[in-house]
Amino acid sequence: MSDPFFTRPEHRKRKARNAAPKKSAAAKKKPQNEPKDEDLASISSESDVEREQYDPDEENEDARENAAEKRLRIAKDYLDQIKNEIGEDVGFNAEDVDRELLSERLQEDVLEKQGKMYLDYATRIEPSVQYTCTQLRGRHSKPLVGLVMNEKYLYSADKSGLVQKWQIVNEDAEDSTNSTSELKLRPVRFSVPQGGDHDHVAEITCLAISNNGQWVVTGGLDHRIVVRDAETLTARYCWKHHRDVILSLAFRKGSNEMFSAAADRSIKVWSLDSMSYVETLFGHQDIVYDVDAFSQERCISVGGRDRSSRLWKIVEESQLVFRSGGNSVKMTGGYMEGSVDCVTMVDENNFITGSDNGVLALWSLQRKKPVYTYPLAHGLDTPLAPERQSAEKTPADSSTPPQPRWITSLRALPYANLFVSGSWDGTIRLWKIADGLRSFEPVELEKPLTTKSIINSLSLSLRGRKGHEQLLVLAACGRELRYGRWKNIRNVANRGYVFQIPLKPALQMSNGTA
């Protein structure tokens, strides 16, 4: 018996030829209910229209090109987009864009995806720069605990629970290249705590804003996290998962994932897309004072008197522990480190911490010890008078040495060689990170950034078109610390400060990058 697979094709073709006349003969016989010629024409025309609307060749256009052609097409589209952006920023036409600008932009994109520091803003600050200062008070009567900015609005919060929204009035300053006019802000609305189950019932300690500017989040002494609508400042959600004071909030860059640090020695992860709790991170042995995060699914935190910094890898469910507390005089200036209170990330592989002995430390994920330390970053405090150190009427002269001012706030510009620190010496200090991330040094200004009060929170922002930016330093200040009253400065105002620092144009800078 023959297999049909080996049947000669000539037989099938011959059968097909013989069947063709039968089909044509049968076609000559028309049924009785056959449609007229006009109906046939209309049907054929409709089918042609449908055939034009659905063209399988157009749907499979991407399928016809191979992988190399697809990569080439995507690369060309990407280069065209970059050329248009550079043309808008620098002022050239897309055809006249310099190749150096294009290559520099491509290098920046690669470094940003790798999570490395690549922005150079510290060298663009001149020592003789003439900056402007805008003070915000509004309805605030208590020390401010947070001041954040998003596009056209600023948000401030104080210890009484008041949250206030400010609008930037002079928007034309973004387009000007050498504008030194003072930033004009107008209070839009405010929100006072309503109590109950959906708002704070105690003091607020920290403030944060989501990346899309839709939500404003506050944490307080009542162990609560309140999520507010950024447009109306109405409390929408109230989370009570923590068992102690909320001390810090941080959003992951480019997403609505949030981290909260509290005095219950835990860090909790939240999703503001689904408005839900995700998980809890345990490991610290003391109060978690500060937390920070960038674009990757990880965060960095400091644990107060356990003197450790921990990098939490969310996906891998692991952590890296970095121990502080060096005893050398060179590292600490002769003062023991008792608590690590502040942390900020420079890029995905480096971060900076601030301690209660005034030490700023630069860390790398590749080392367990700090790469560089700067002791007594904000100097020594003035010793107390003998009558304030003793209860006697005629106290003897005290020989108590002056104590260092601890770091109360710390913030770095993402992926840039610039960060700021604050204490209660009345001065906000700017710092420049050296090339190679091996050291840093202060940026000396002829006219320092002064507030004459305790700096409870700092944040950095940029305004203006690329190459002609202005650096904004936002400081929330007051006469008390944001999480205690053991330090009090009399005769100072509780208000926020916005320092507007012009930067040198990027076209006048050298081509070296950090």
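Here's the yes/no breakdown for (1) of a type in the set (Ser, Thr, Tyr); (2) in contact with a Gly (Cβ under 9 Å, 6 or more places away or on another chain); (3) modelled with pLDDT under 95:
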{"site": "155", "(1), (2), (3)": "yes, yes, no"}
{"site": "161", "(1), (2), (3)": "no, yes, yes"}
{"site": "168", "(1), (2), (3)": "no, no, yes"}
{"site": "174", "(1), (2), (3)": "no, yes, yes"}
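If residue 433 satisfies every condition in (1) within 21 Å of the chain's Cα centre (by Cα); (2) surrounded by fewer than 22 Cβ atoms within 10 Å (Cβ to Cβ); (3) aliphatic (A, V, I, L, M) but one, which is the exception?
For residue 433, the exception is condition (2).
Identify, please: which residue in segment 402-422 is of a type in the set (Phe, Trp, Tyr) and at pLDDT below 95 and is, among those, nearest to residue 339 (Cα to Cα)?
406
Quick check: is even one residue across segment 442-454 of a type in the set (A, V, I, L, M, F, W, C), surrounded by fewer than 20 Cβ atoms within 10 Å (Cβ to Cβ) and without any contact (Cβ under 8 Å) to a residue 40 or more places away in the chain?
No, every residue in segment 442-454 fails to be of a type in the set (A, V, I, L, M, F, W, C), surrounded by fewer than 20 Cβ atoms within 10 Å (Cβ to Cβ) and without any contact (Cβ under 8 Å) to a residue 40 or more places away in the chain.
Going through 221, 247 one at a time, which residue ends up being crowded, with 16+ Cβ neighbours inside 10 Å and either basic (Lys, Arg) or in contact with a Gly (Cβ under 9 Å, 6 or more places away or on another chain) (or both)? Break it down stepwise before answering.
On the way: 221 fails: either basic (Lys, Arg) or in contact with a Gly (Cβ under 9 Å, 6 or more places away or on another chain) (or both).
Just a single option satisfies the conditions, and that option is 247.
Would you check which residues across segment 221-246 are among the hydrophobic types (A, V, I, L, M, F, W, C), touching an Asp or Glu at 6+ places or on another chain (Cβ under 7 Å) and part of a strand (DSSP E or B) and list them?
Answer for segment 221-246, where residues must be among the hydrophobic types (A, V, I, L, M, F, W, C), touching an Asp or Glu at 6+ places or on another chain (Cβ under 7 Å) and part of a strand (DSSP E or B): 226, 235, 238.
Quick check on residue 429: is it without any contact (Cβ under 8 Å) to a residue 60 or more places away in the chain, among the basic types (Lys, Arg) and in a strand (DSSP E or B)?
Against the criterion (without any contact (Cβ under 8 Å) to a residue 60 or more places away in the chain, among the basic types (Lys, Arg) and in a strand (DSSP E or B)), residue 429 qualifies.
Is it true that residue 147 is outside any strand (DSSP E or B), crowded, with 19+ Cβ neighbours inside 10 Å and either at pLDDT 95 or above or under 23 Å from the mean Cα position of the chain (by Cα) (or both)?
No: the conditions fail for residue 147.
Can you tell me which of (1) more than 24 Å from residue 166 (Cβ to Cβ); (2) in contact with a Phe, Trp or Tyr (Cβ under 7 Å, 6 or more places away or on another chain) is the one residue 273 doesn't meet?
If we test residue 273 against (1) more than 24 Å from residue 166 (Cβ to Cβ); (2) in contact with a Phe, Trp or Tyr (Cβ under 7 Å, 6 or more places away or on another chain), just (2) comes out false.
Residue check, residue 218 against (1) in contact with a Phe, Trp or Tyr (Cβ under 8 Å, 6 or more places away or on another chain); (2) part of a strand (DSSP E or B); (3) within 15 Å of residue 148 (Cβ to Cβ); (4) not hydrophobic (A, V, I, L, M, F, W, C), all met but one. Which one?
Residue 218 satisfies every listed condition except (1).
Just one of the numbered conditions (1) closer than 12 Å to residue 343 by Cβ; (2) polar (S, T, N, Q); (3) over 23 Å from the mean Cα position of the chain (by Cα) is not true of residue 285; which one?
(1)
Which of the strands (runs of 3 or more DSSP E) contained wholly in segment 453-511 include at least 2 residues that are within 24 Å of the chain's Cα centre (by Cα) and of a type in the set (Ser, Thr, Tyr)?
Filter on segment 453-511 gives 454-463.
Determine the pairs where a residue that is closer than 16 Å to residue 223 by Cβ, located within segment 276-293, has a partner that is in a strand (DSSP E or B) and among the aromatic types (Phe, Trp, Tyr) with Cβ atoms under 7 Å apart, the partner being 6 or more residues away or on another chain.
Going by the 7 Å Cβ cut-off, the qualifying pairs are 277/239; 277/270.
For segment 97-135, name all the residues that are assigned to a helix (DSSP H, G or I) and either over 24 Å from residue 294 (Cα atoms) or at pLDDT 65 or above (or both).
Correct list: 99, 100, 101, 102, 103, 110, 122, 123, 124.
Return the residue satisfying two criteria in turn: it lies in segment 204-215 and is without any contact (Cβ under 8 Å) to a residue 60 or more places away in the chain and in a loop (DSSP other than H, G, I, E, B), and of such residues it is surrounded by the most Cβ atoms within 10 Å (Cβ to Cβ).
Among those that are without any contact (Cβ under 8 Å) to a residue 60 or more places away in the chain and in a loop (DSSP other than H, G, I, E, B), it is 211.
Among the numbered conditions (1) over 24 Å from residue 455 (Cβ atoms); (2) among the aliphatic types (A, V, I, L, M); (3) assigned to a loop (DSSP other than H, G, I, E, B), tell me where residue 183 comes up short.
That leaves (1) as the condition not met.
Considering each residue of segment 225-244, count those that are touching a residue at least 60 places away in the same chain (Cβ under 8 Å) and either crowded, with 21+ Cβ neighbours inside 10 Å or more than 22 Å from the chain's Cα centre (by Cα) (or both), and give that number.
Taking segment 225-244 and keeping what is touching a residue at least 60 places away in the same chain (Cβ under 8 Å), we get 228, 230, 233.
From what is left, the residues that are either crowded, with 21+ Cβ neighbours inside 10 Å or more than 22 Å from the chain's Cα centre (by Cα) (or both) are 228.
So the answer is 1.
The values are calculated or read from the model by the stated rules, or taken from the named source; none is laboratory data. For clarity, every value in this text was computed on a predicted model and none was experimentally measured. Glycine also receives a Cβ, built like all others from the backbone with ideal geometry; neighbour counts cover every protein chain displayed.
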